[in-house]
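The values are calculated or read from the model by the stated rules, or taken from the named source; none is laboratory data. Bear in mind that the values here come from a model prediction, so they are computed numbers and not experimental data. Glycine also receives a Cβ, built like all others from the backbone with ideal geometry; neighbour counts cover every protein chain displayed. Each accessible area value is taken on the protein alone, full model and side chains, heavy atoms only, with ligands, DNA and RNA left out. Shrake-Rupley method; radii C 1.70, N 1.55, O 1.52, S 1.80 Å.
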Amino acid sequence: MPDLVHVTYAQTGQSSKINPLGMREMQEKAYHARDAQYLLLKAPPASGKSRALMFIALDKLVHQGLKKVIVAVPEKSIGGSFAKTNLKDFGFFADWVPNDHYNLCTPGMDGSKSKVQAFKNFLSNGESILICTHATLRFAYEELEDSSFNNILLAIDEFHHVSADGDSRLGELLRSIMAKSSAHIVAMTGSYFRGDSVPVLLPDDEARFTKVTYNYYEQLNGYTYLKSLGIGYHFYQGRYTSAILEILDTDKKTILHIPNVNSGESTKDKYQEVDTILDSIGDVTSVDSETGVIIVKRHSDGKLLKVADLVNDTLKDRDKIQSYLREIKSVDAIDLIIALNTAKEGFDWPFCEHALTVGYRGSLTEIIQIIGRCTRDSNNKTHAQFTNLIAQPDAADDLVKLSVNNMLKAITASLLMEQVLAPNFKFKTKLSDDDKAEPGEIKIRGFKMPSSKRVKDIIESDLNDLKATILQDDTMLKAMPGNVDPEVINKILIPKIIQIKYPDLSDTEVEEIRQHVVLDSVVKYGEIKEIGDKRFIRMADQFINIDDLHIDLIDRINPFQKAFEILSKSVTTKVLKVIQDVIEATRIQMTLEEALLLWPKINDFVKTFRKEPSLHSNDPLERRMAEGIIFLKEQKRKAQNGQG
């Protein structure tokens, strides 16, 4: 199947250039906001968030009067990102020199008495930097007062692990420290999709944070070596282990994530799955006793491949191979990593070219983290690839509805990634023919500009989060394949989702955000071409002069249909029929709002074809119009009988 998303980049080298203080572009941007008491840093994997924190933390210790820094990471292996670092040689005023005694990301239980006691000792002695896991922070906090965090910088890495859910102890801890102490907080994340389930922060808490956002496009466009990124899907029938070699290219440095044992794709025996994959590649000739690296002689040509098995739960074996992977300096050190729940966030293997994931992943955060494993800039690659191997829906399968739903959700995840990976444009209202756009701007007639700071903040900081919520909405999933009129999607379904997500907004503010979401989505999925001094955008299979764009034209386009058009060409007719039947069986209930919006289109249809739309048409939009007629007739009958 061709890539659903294929993005090319300019290789400007900008994101890896160093300023006189030794800071890369993202780090300099974050350092400008160093005086904020609460700072939220959103930047993609490999952009240098760890070092950005070091710069900010040292400034707070030396110049802002704070006494201590606590860095909390989700797992021990990520603690290594905050090890001793020489910064002075590159122009900064101090080095990052944590005391090894207060690096608590060491073997042993996170909540052990010794680690909790070390945490408490740190608060009362002269040391200035402590590194621990989120869990150790939680356990220690239970034995402390909030005031213990006065005059301290608390830095939380991989901040998406925090949640506004009442059951999230880390979220509760953070809210309490913000309310009852003078602590400063730096929160860092590579993927901040609150559309996953519950918000990371409640709106009132989030409003207190200064936000620094460095997007994926800025990062990847500024690389030196990486030129393109592809996101694609491959469908299989039967067991995935029998289809794995159709998509696993062992000439490419690959991280292979096998499915969770509780998922439908799993055989329920993860060790057997690893053995089957190894056997399909070649013959295991040896296992290095020092490192745990598995040597496999490839069937096709006898080449010896180095494989890391991170599925193995034996602690001794796992520690050996993880230690080896942490020290990798050469492209030839490993060829394939097989993992289950590890090798995602914070895992660094710059040479990785292909992230191959088996089974649908329900979390957009997880998908972002997995894709981030292959988007490091490295001189061994010009292209990075993410492929999701997904079970093909089968009408005879009892779980066909779940299978179709997973397929649709996986595709919408790629749609969101395309939005994240694309360059940003500034949209403004076009007031007249003489009103020309500046570079990076697009001007649209009838477009509503933000009328409040709240709307501006949502558009600037939360647009991808809002799109995640929209794309994961069950009603939207049923509407996106083209069986509902685009104006119903854009003018009815999307505003309802915005109203639920931001209940405090006025109708005017909702409409301003709606227009921006729809316009931004359509433009980013469109193909822009420059011919002479004019720019054209491909929308709905035609090129339109950007100077002629009107918001009414934008509203008549389904911004999400492209992926499903690719899908329809990439699966068999039989599978496509299964998908359509499942969608049809759970189709959206007609509402008066939708029927009234369809009424002018129904009249146009009758004038054009001299007949009413048919329920039995092959065109899903014609069938929907026919349903609209039935609905309106029923409403009229009820009104006449006094049932309205």
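Among 494-503, 81-90, the peptide with the highest mean count of other Cβ atoms within 10 Å heads the list, and the full ranking is 494-503, 81-90. Restricting the calculation to Cα atoms, every distinct pair contributes to the Kirkwood radius of region 401-468, found to be 14.6 Å. Between the listed residues Ser15, Thr254, Ala595, the Cα displaced farthest toward the positive end of the dipole of the chain, a dipole computed from Cβ unit charges relative to the Cα centre, is found at Ala595. Evaluated on region 256-320, the Kirkwood hydrodynamic radius is 12.8 Å, with distances taken between all distinct Cα atoms. Considering helices alone, the calculated mean residue ellipticity of the chain at 222 nm is -11000 deg cm²/dmol, with DSSP H runs of length four and up weighted by -39500 (n - 2.57) and normalised per residue. The Asp507 and Phe90 beta-carbon pair, evaluated with R₀ = 56 Å, returns a calculated FRET efficiency of approximately 0.60. Of the residues Ser112, Ser182, the one with the largest accessible area comes first in the ranking Ser182, Ser112, computed with a 1.4 Å probe on protein heavy atoms. Stokes-Einstein diffusion of region 208-291 at 10 °C, 1.306 mPa s viscosity, Kirkwood radius from Cα pairs, rounded to a whole number: 94 µm²/s.
If only the Cβ of Lys and Arg carry +1 and only the Cβ of Asp and Glu carry -1, the dipole of the chain around its Cα centre is close to 620 debye.
For region 343-447, the fraction of C-alpha pairs farther apart than 19 angstrom is 61 percent. Rounded to the nearest 10 square angstrom, Asp548 shows an accessible area of 100 square angstrom against a 1.4 Å probe. Counting only protein heavy atoms and a 1.4 Å probe, region 441-493 has 34 square angstrom of accessible area per residue. Ligands, DNA and RNA left out, the accessible area of the chain computed with a 1.4 Å probe is 49% carbon and sulfur. Over the chain, Cα pairs under 8 Å with separation of 6+ residues give a relative contact order of 13 percent. Radius of gyration over Kirkwood radius for region 70-126, both on Cα atoms: the Rg/Rh ratio is 1.03.
Whole-percent P(r), the chain, all Cα pairs, 20 Å bins from 0: 17, 48, 30, 5, 0. Percent of Cα pairs in region 445-508 per distance bin of 5 Å, from zero to the largest separation: 4, 15, 24, 26, 18, 11, 3, 0. Spin-label pair Ser451-Glu127: with each label point 7 Å from Cα along the Cα-Cβ axis, the two points sit 5.6 nm from one another. Calculate, in whole percent, how much of the Cα-Cα pair population of region 13-70 lies beyond 18 Å. Value for region 13-70 (Cα pairs over 18 Å): 31 percent.
The listed residues Thr387, Thr106, once ranked by accessible area (1.4 Å probe) with the largest placed first, stand as Thr106, Thr387.
Per residue, the accessible area of region 196-304 comes to 48 Å² when a 1.4 Å probe rolls over the protein heavy atoms. Placing unit charges on each Cβ (+1 for Lys and Arg, -1 for Asp and Glu) gives the chain a dipole about its Cα centre, and among Gln64, Ser50, Leu415 the Cα reaching farthest toward its positive end belongs to Gln64. Per residue, the average separation of C-alpha pairs within less than 8 Å and at least 6 apart gives region 1-87 a relative contact order of 21 percent. Paramagnetic label reach from Asp317 (point 7 Å along Cα→Cβ; backbone nitrogen cut-off under 20 Å): within region 240-268, residues 241, 255-262, 267-268.
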